[in-house]
Structures are given as C-alpha cells and as structure tokens.
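J.: Would you mind keeping the following structure in view while I ask a few things?
Each reported figure results from applying straightforward, stated rules to the coordinates on display, with no laboratory input. The structure displayed is predicted, hence computed values, not measured ones. Ideal geometry is used to build each Cβ from the backbone, glycine not excepted, and the neighbour counts take in all protein chains shown.
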Amino acid sequence: MLSFGPILQELQGPTLPKLVDGLPGHQKTVAIVLSIAMFLVVVELVRKRKLREEYSLVWMLTAFALLVLAIQHRLLNVVRDLVGAVEPTSALFFGALVFLMLLSLQFSVRLSKLTFRNRTLSQRVALLEDEIDSLRADKGATDRTTSEPRDGDAGAA
Amino acid sequence: MSGPRDRIHSVVVIVPARNEAERIGAVLDGIRRAAPGARVAVIDDGSDDDTGAVARAHGAQVLRHPFNLGYGAALQTGYHWALRQRFTRLVQLDADGQHDPASIPSLLAALDAGAQLVLGSRYLDPATTPRTTLARRIGSRFFAFVVSRWTGTRITDPTSGYQAMDRRVVERLALDDFPEDFPDSDVLIALAREGVRLAEVQVRMRERLGGVSMHRGGRIAYYAYKMLLTLSLLPVRRSSPFRAGRELARAGAD
C-alpha cells in the first residue's frame with residue numbers, strides 16, 4: 001500500500017517548530033551561575049583597581065541582563081520573538097553577542113582616542129627634547145664666552 | 001638667476017626618516033648642496049639603527065619620536081618644529097634617496113610663481129615614469145584622476161611625499177586632522193577645498209637606494225580603502241575634536 005503521509009508532509013514543508021518557553025532547567029542554572037560569576041569578577045577587578053569604573057559599567061550591565069533574562073522567562077520570550085528565534089537559548093546568545101559587539105565598538109572608539117593622544121604626546125616629547133638640546137647648546141656657548149647667563153632669548157621666535 | 005641669500009635662509013627642510021642610517025647621509029649632503037643655508041630637520045620616527053646620529057653628523061637637527069608613529073605623524077612633527085622657526089617656505093622629502101634634492105630649487109620656483117603647495121611628480125614626464133606593479137599603476141591613476149577632478153589642478157602623482165609649501169599651508173597641516181599614515185590625496189583635496197593653490201613640477205626620482213616602500217602588499221589594499229572612505233566623507237566630516245595641533249600651530253605662529 002502507498003502511504004501519502006510522508007509525501008504530504010514533504011509538500012507542506014517542515015513542520016513549524018514549537019516555540020520553547022523559557023530556558024530549560026540546566027541552561028537556566030548555567031546562565032545564572034555565569035552571570036553571578038561575571039558580576040563577582042568585575043567587582044573584584046574594580047576592587048583591585050585593575051579595571052576602571054567607567055569600563056566596568058558595560059560588563060555589569062551585561063551580567064545583569066543575563067541574570068534577568070535567565071530568571072524572567074517571560075522577558076526572554078519577548079526577546080526571543082523580537083529577534084525571531086525559536087529557542088530562548090539562541091535569544092540569550094544573541095543578546096550576549098550584541099552586548100559584546102557594543103563593547104568592542106566602545107573599545108575601538110577609546111583606542112582611536114588613545115592612539116591620537118599617544119601620537120600627540122610623542123610629538124611633543126620630540127619637540128621638547130629638541131628645545132632642551134638647543135637650550136643646552138646655547139647655554140654651553142654663553143658659558144664659554146661670558147659667565148653671565150643670557151636672559152631667555154634661547155627659544156625660537 | 002639664483003635668489004638672494006636671505007630667501008634661501010627662509011627655507012626649512014624636513015626629512016622624515018625611519019631606519020635610513022645608510023642612506024640619509026647622502027640625502028642630507030644633497031640638500032646642503034641644493035639649498036645651502038636652509039635649516040634641515042630630520043624626524044627620526046623611532047629608528048632602531050643610527051639614523052639620528054648619522055643625521056646629526058651630517059649637520060641636521062634631529063627630532064626623535066620615542067617610538068614609531070607613522071610617516072604622516074613624522075611629517076607633522078616636522079611642521080610643528082618648523083612653526084617654531086622663522087621661515088617662509090618649507091620643503092619635505094624622503095630620507096631613502098628616492099627624492100633627488102637637486103630638484104629642490106624647481107619646487108621653490110613653483111612656490112615663487114604663486115603656488116602654495118607644490119608636488120614633485122614622478123609621472124608628469126612619461127619618459128621618466130618609474131616601473132611599478134599593475135595594481136599600483138591602476139590605483140595611482142585612479143587617485144590621480146580623482147584628485148585632479150576635485151582640485152581642478154592636474155595632479156599626476158598625488159602620493160608624492162616630495163613637496164614644498166608656504167607657511168600658511170604648514171599652519172593648516174599642523175592641525176589635528178592630519179593623517180598619520182598616508183597623507184596625500186585626501187589632504188590635497190581638503191587643502192584645495194580651502195582655497196590653497198596647488199601645482200606640480202617634474203622631479204627626478206631615483207630608484208630606491210635600499211629599504212622598503214611604504215606602499216606594498218596589504219598596505220595598498222588598506223590605502224585604497226582608507227582613501228575611498230576619507231574622500232567620500234570629506235564633504236560631511238567634522239573637524240577633529242582635538243585641539244592639540246591647533247594650539248601648537250598658534251604657539252608657533254606667535
């Protein structure tokens with residue numbers, strides 16, 4: 001006998017997956033533990049003054065968001081529907097990814113600023129060293145000719 | 001025919017250099033011959049060799065970056081140094097011997113003829129065009145076309161680091177938005193937009209005496225990307241949020 005069941009199913013395409021509600025127990029535990037660990041590590045780094053307060057903020061927010069989403073499965077479902085995911089776990093990962101991207105972008109902006117400051121500082125160091133050299137040379141020259149120091153005309157106009 | 005001596009005295013020459021100890025001596029001697037009386041500063045961009053000592057031995061003033069900052073940053077340190085001197089015209093050329101200092105007078109002549117920024121071109125005379133790779137030729141042609149169209153001046157060699165400029169242009173380039181890596185096409189267009197008169201003269205270029213070109217490999221791809229980005233943002237870009245260069249330029253101008 002021919003069975004049309006499998007063929008029909010194929011024609012209909014894959015069955016729509018059932019939306020999963022909240023995180024499964026195990027994943028929930030992992031997410032909660034992870035967020036608390038993250039929080040503790042960030043606090044510890046700030047305590048040891050290895051992390052500046054301003055940089056800790058985004059990390060704290062990430063840990064907090066992870067915790068809230070892990071506990072509040074209704075909120076996680078909202079996020080899941082918002083990003084069009086099926087599994088709440090994917091939604092959680094997606095959220096984490098977005099946070100990390102923002103963090104990296106923030107770092108790139110900081111780096112650009114630091115690079116500029118570094119360059120300016122180095123340029124000034126080079127100019128100041130040159131000025132010191134020429135002041136010393138001038139001083140050496142005047143010391144040899146007279147014992148009177150010249151009154152500060154060594155700098156360039 | 002040669003200009004009066006006080007005019008030569010009003011020339012400063014800046015030479016950005018990195019690890020050019022073997023080549024910079026000859027370059028500095030050439031500058032001395034072509035522009036006697038000009039003050040010469042070498043900007044040692046964090047060299048590992050004796051570039052600074054050799055430059056000093058050949059009578060140049062040496063400004064040393066504590067570490068490598070890039071070609072553009074070295075030029076800019078030179079601009080800041082120059083603004084602390086009395087000068088009316090500045091010449092910049094590379095330390096690797098590609099730019100023949102004998103062409104300095106023709107660059108200065110073009111300044112005297114009314115230009116504010118003069119480029120020494122390798123390509124103005126097709127007979128002397130150096131051999132390069134196809135990718136570089138295409139890129140070079142493309143940017144030459146863009147710069148010529150945008151500035152309204154025929155520019156054949158926008159990447160040329162062999163330049164002469166008047167004090168006002170130096171003051172402009174001392175500002176913070178001067179790029180630290182490849183200061184060429186975008187800078188030329190920005191200057192032309194601000195009303196700076198550009199010109200180009202044919203210069204003699206020699207084969208590199210050694211060392212390696214800045215424009216090679218992945219750097220060319222990055223160069224193309226960077227230029228396209230800066231050029232397309234040029235009309236809408238904000239000026240630099242930093243003011244360090246502006247202060248330095250002002251301090252020098254006083």
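J.: Does the range A:36-124 come out rounded, prolate or oblate by the C-alpha gyration tensor, with a ≥ b ≥ c the root eigenvalues, rounded set by a/c under 1.5 and, if not, prolate when a/b is larger than b/c and oblate if not? Before the final figure, lay out the partial values.
T.: Values: a/c = 4.84, a/b = 1.89, b/c = 2.56.
It is oblate, given that a/c is not under 1.5 and a/b is not larger than b/c.
J.: Could I ask something else about it? Put a dot 7 Å past each Cα toward the Cβ at B:Leu228 and B:Arg193; how far apart are the dots in nm?
T.: Calculated label separation equals 1.9 nm.
J.: With an 8 Å cut-off on Cα pairs and a minimum separation of 6 or more residues, tell me the relative contact order of the range A:19-144 in percent. Provide the component values of the computation, followed by the final result.
T.: On the way: 73 pairs, mean separation 32.1, N = 126.
Across the range A:19-144, relative contact order equals 25 percent.
J.: Give the calculated FRET efficiency between A:Thr29 and B:Arg206 to the nearest 0.05, with a Förster radius of 51 Å applied to their Cβ-Cβ distance.
T.: Numbers: r = 71 Å, r/R0 = 1.40.
That pair, A:Thr29 with B:Arg206, gives E of 0.10.
J.: Can you compute the FRET efficiency between A:Leu61 and B:Asp181 using 1/(1 + (r/R0)^6), with r the Cβ-Cβ distance and R0 = 60 Å? Round to the nearest 0.05.
T.: Details: r = 35 Å, r/R0 = 0.58.
Computed FRET efficiency for A:Leu61 and B:Asp181 comes out at 0.95.
J.: Using Cβ contacts closer than 10 Å as the measure, can you line up A:Lys48, A:Lys28, A:Lys139 from fewest to most?
T.: Working: A:Lys48 8, A:Lys28 19, A:Lys139 13.
Fewest to most other Cβ atoms nearby, the residues stand as A:Lys48, A:Lys139, A:Lys28.
J.: Can you tell me the dipole magnitude for the range A:58-151 around its Cα centre, using point charges on the Cβ only (Lys, Arg +1; Asp, Glu -1), in Debye to the nearest 20? Each step should come with its number before you reach the end.
T.: Numbers: 11 positive and 10 negative charges, 83 e Å.
So the magnitude is around 400 debye.
J.: Something else now. Quote the charge dipole size of the range B:5-253 about the Cα centre in Debye, to the nearest 20; the model charges only the Cβ of Lys and Arg (+1) and of Asp and Glu (-1). Please report the intermediate quantities before stating the final value.
T.: Details: 35 positive and 27 negative charges, 123 e Å.
Taking the Cα centre of the range B:5-253 as origin, the dipole is about 580 debye.
J.: Sticking with this structure for a sec: Among B:Arg56, B:Arg206, which comes first, then next, by fewest other beta-carbon atoms within 10 Å?
T.: Numbers: B:Arg56 16, B:Arg206 11.
Exposure proxy ranking, most exposed first: B:Arg206, B:Arg56.
J.: In nm, what is the difference between 0.36 nm times the number of residues separating A:Arg144 and A:Ser108 and their Cα-Cα distance?
T.: Once the chain is fully extended between A:Arg144 and A:Ser108, it gains 7.6 nm.
J.: Which of B:Leu119, B:Thr51, B:Ile31 sits closest to the plus end of the dipole of the range B:5-253, meaning its Cα is farthest towards the positive end, when Lys and Arg get +1 and Asp and Glu get -1 on the C-beta?
T.: Final value for the positive-end residue is B:Leu119.
J.: Once fully extended, how much extra length lies between A:Asp133 and A:Asp21, figured as 0.36 nm per residue of separation less the alpha-carbon to alpha-carbon distance?
T.: Details: separation 112, 0.36 × 112 = 40.32 nm, distance 7.30 nm.
Here the answer is 33.0 nm.
J.: Continuing with this model, one more query. For the pair B:Gln85 and B:Ser106, what calculated FRET efficiency results from E = 1/(1 + (r/R0)^6), where r is the Cβ-Cβ distance and R0 = 22 Å, to the nearest 0.05? Show your work: numbers first, answer last.
T.: Details: r = 23 Å, r/R0 = 1.05.
So the FRET efficiency works out to roughly 0.45.
J.: When a/c reaches 1.5 or more, the comparison of a/b and b/c decides; with that in mind, is the range B:5-253 rounded, prolate or oblate per its Cα gyration tensor? It would help to have the intermediate numbers written out before the result.
T.: On the way: a/c = 1.27, a/b = 1.15, b/c = 1.11.
Rounded is the answer for the range B:5-253, as its axis ratio a/c remains below 1.5.
J.: Right, another one. Using a 10 Å cut-off around each Cβ, can you sort A:Thr120, B:Thr51 from fewest to most neighbouring Cβ atoms?
T.: Numbers: A:Thr120 19, B:Thr51 26.
Lowest to highest Cβ neighbour count: A:Thr120, B:Thr51.
J.: Taking +1 at the Cβ of each Lys and Arg and -1 at the Cβ of each Asp and Glu, which of B:Thr230, B:Leu134, B:Ala95 sits farthest along the dipole of the range B:5-253 towards its positive end, judged by Cα position relative to the Cα centre?
T.: Positive-end residue among those listed: B:Thr230.
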